[in-house]
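Asks: One structure is given below, represented as structure tokens, and several questions about it will come after.
The values are calculated or read from the model by the stated rules, or taken from the named source; none is laboratory data. The structure presented is a predicted model; accordingly, all values stated were derived computationally and were not measured. Counting neighbours? That spans all protein chains shown, and the Cβs are built from the backbone with ideal geometry, glycine included.
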Amino acid sequence: MEGVNPRRWWALLVLATAQFMVIMDTSIIGVALPEMQKDLGFSQGDLQWVFNAYVIAFGGLLLLGGRLSDLLGARKVFVAGWSVLIAGSVVAAAAQTAWVEIAGRAVQGVGGALIAPASMTLLMMLFGHNPKELGKAMALYGAAAPAGGTAGVFLGGVFTEWLSWPWVFVIYVPIGLATLAATGLLPAVAPRRGAVDVLGAVFVTAGLALAVYAVVRAPEAGWGSTGTVLQLVGAAVLLGLFFVVQRVVKAPLMPLSVWRIPRLGSSNLAMALLGAAWIPMWYFLNLYLQQVLGYGAFASGAALLPMTGLLMVFMTAVTARLLGRFGAKPLIGGGLLVLAAGLFWLSAVGPTGSFLVDVLPASLVAALGMSLAYIPAMMAAMSGAPQEQAGLASGIVNTTYQVGSALGLAALTALATSQGAGRLGDLPALTDGFSAAFVGAGVIAGLAGLVTLLVMRGEPGAAAGVPVAAEKAGV
């Protein structure tokens, strides 16, 4: 066929590797957190910044990354993203202080925000000519996301247990260099003219970062303190300015008219609350396994493999079929309620708990809920978008998930700390704090499920015309 790239399947391998690594970056650090805390002097409350620094930069700059990909050419942005990710990984691996570690993680997030949208653009360029090939390519590309999440949990334990925690970042250097060497397989597109809404990107990222910082510091400073109030007001002003900019600039990152797409608002709300419940569960479960049950890094990673394995199997083999049969709304609402049930079950953990009794079954229930809700929520956000706005809708819902994750983790860390999670070595107090976080996450998931079932408009069948596997990024 004329115009078809004969090396497109090899190029897909490069893109799938990028997807695998970007998603692995959010999971590989989990079991390494306690060792990083000891070596770099993180407090129990500040430890979350190792995760949130990446998420804020990644989520806050995704829309900008997509715009740059359109204007500068997806391959150039893909290369730039990997170069930035490698640089951030070197900084994170070499860090001797907490703040340098946080800076390295933020730089990694910037790289991820460039890589993710460029990868999707390149995939469409390679396979958009043939719907049958596109569906197969999307499935393979989408499967790389849960595979990356699963591998991250396992490799994080291996590196931390038998090497040292910096290796969870060092691994990105050789793989990144190999990926850069293979970018000649990817199609090149000449840049085109257009404006870049840098001001909007600055406002939304700064507003999100300030909001998270305020919530993290509030338990220590006081929720009614002048500093906390000013920080929250400042965050609201910055986010408000972002929406003002979107209304007045010629080429906004997020045209406000996009919110007229049916179900985009309700599905984004579901995604934000899903992230706010799921990511804190994963974070505190890692800490419970190591700081209370005394698991080593490898044992902790291995303990999470059944949960991540279930996620991978369901997202790639089951959820798509259920979506085609029942539609998005019941799966999103039901999945969130199942997630809430698993979280409430986890909240019963004790200082002398058992993995097989207290952790494994509850974590599998939570993972089942996540696997039922995530893909349908992504599809619901995409289903009403016209073709020219599909990429924007995808970028918004991915951003929403990351924003919800960061704010949820900040809020539930504040809750856990107030209930005793800051008292390292005091197992009953630690357990009380972690249990409170699980309860808080369960409340978030439960309310999200009820709101979804009451508010979201139903639509029979699968989301119209959007390949399910295409939207698995960000798990």
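Asks: Checking MET24 against (1) in a helix (DSSP H, G or I); (2) modelled with pLDDT under 80; (3) surrounded by fewer than 23 Cβ atoms within 10 Å (Cβ to Cβ): exactly one of these is not met. Which one?
Replies: (3)
Rundown of residues vs (1) among the polar types (S, T, N, Q); (2) over 22 Å from the mean Cα position of the chain (by Cα); (3) under 30 Å from LEU427 (Cβ atoms), yes/no style:
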site	(1), (2), (3)
LEU311	no, no, yes
LEU336	no, no, no
ALA348	no, yes, yes
ASP358	no, yes, yes
SER363	yes, no, yes
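Asks: Also, quick follow-up: Of everything in segment 212-245, what is more than 30 Å from SER418 (Cβ to Cβ) and either in contact with an Asp or Glu (Cβ under 8 Å, 6 or more places away or on another chain) or in the same structural domain as ILE444 (by TED's automatic domain parsing) (or both)? Give them in sequence order.
Replies: Here is the first cut: in segment 212-245, the ones more than 30 Å from SER418 (Cβ to Cβ) are 241-245.
Once the filter is applied, which keeps residues that are more than 30 Å from SER418 (Cβ to Cβ) and either in contact with an Asp or Glu (Cβ under 8 Å, 6 or more places away or on another chain) or in the same structural domain as ILE444 (by TED's automatic domain parsing) (or both), segment 212-245 yields only VAL245.
Asks: When you scan segment 336-379, how many residues do you find that are in a helix (DSSP H, G or I), buried (at least 18 other Cβ atoms within 10 Å of the Cβ) and of a type in the set (Val, Ile, Thr)?
Replies: 4
Asks: May I ask you to say which residue of ALA385, ALA411, ALA390 is of a type outside the set (S, T, N, Q) and at pLDDT 75 or above? Quick ask: steps written out before the conclusion?
Replies: Details: ALA385 fails: at pLDDT 75 or above; ALA390 fails: at pLDDT 75 or above.
Unique residue meeting the criteria: ALA411.
Asks: Something else now. So which residues in segment 211-230 are of a type outside the set (Ser, Thr, Tyr) and either surrounded by 20 or more Cβ atoms within 10 Å (Cβ to Cβ) or within 20 Å of PRO280 (Cβ to Cβ) (or both), if there are any at all?
Replies: Taking segment 211-230 and keeping what is of a type outside the set (Ser, Thr, Tyr), we get 211-212, 214-224, 227, 229-230.
Within segment 211-230, ALA211, VAL212, ALA214, VAL215, VAL216, ARG217, ALA218, PRO219, GLU220, TRP223 meet the criteria.
Asks: Just one of (1) closer than 24 Å to TYR295 by Cα; (2) crowded, with 19+ Cβ neighbours inside 10 Å; (3) among the small types (Gly, Ala, Ser) trips up GLY59, so point out which.
Replies: (1)
Asks: Would you say ALA272 is outside the structural domain of THR26 (by TED's automatic domain parsing), under 23 Å from the mean Cα position of the chain (by Cα), at pLDDT 85 or above and not basic (Lys, Arg)?
Replies: Numbers: outside the structural domain of THR26 (by TED's automatic domain parsing): yes; under 23 Å from the mean Cα position of the chain (by Cα): yes; at pLDDT 85 or above: yes; not basic (Lys, Arg): yes.
Judged against the criteria, ALA272 is a match.
Asks: So is THR399 farther than 19 Å from SER43 by Cα, out of contact with any Phe, Trp or Tyr (no Cβ under 6 Å at 6 or more places or on another chain), modelled with pLDDT of 75 or more and β-branched (Val, Ile, Thr) or not? I'd like the intermediate steps shown before the answer.
Replies: On the way: farther than 19 Å from SER43 by Cα: yes; out of contact with any Phe, Trp or Tyr (no Cβ under 6 Å at 6 or more places or on another chain): yes; modelled with pLDDT of 75 or more: yes; β-branched (Val, Ile, Thr): yes.
Considered against the rule, which asks whether it is farther than 19 Å from SER43 by Cα, out of contact with any Phe, Trp or Tyr (no Cβ under 6 Å at 6 or more places or on another chain), modelled with pLDDT of 75 or more and β-branched (Val, Ile, Thr), THR399 comes out as yes.
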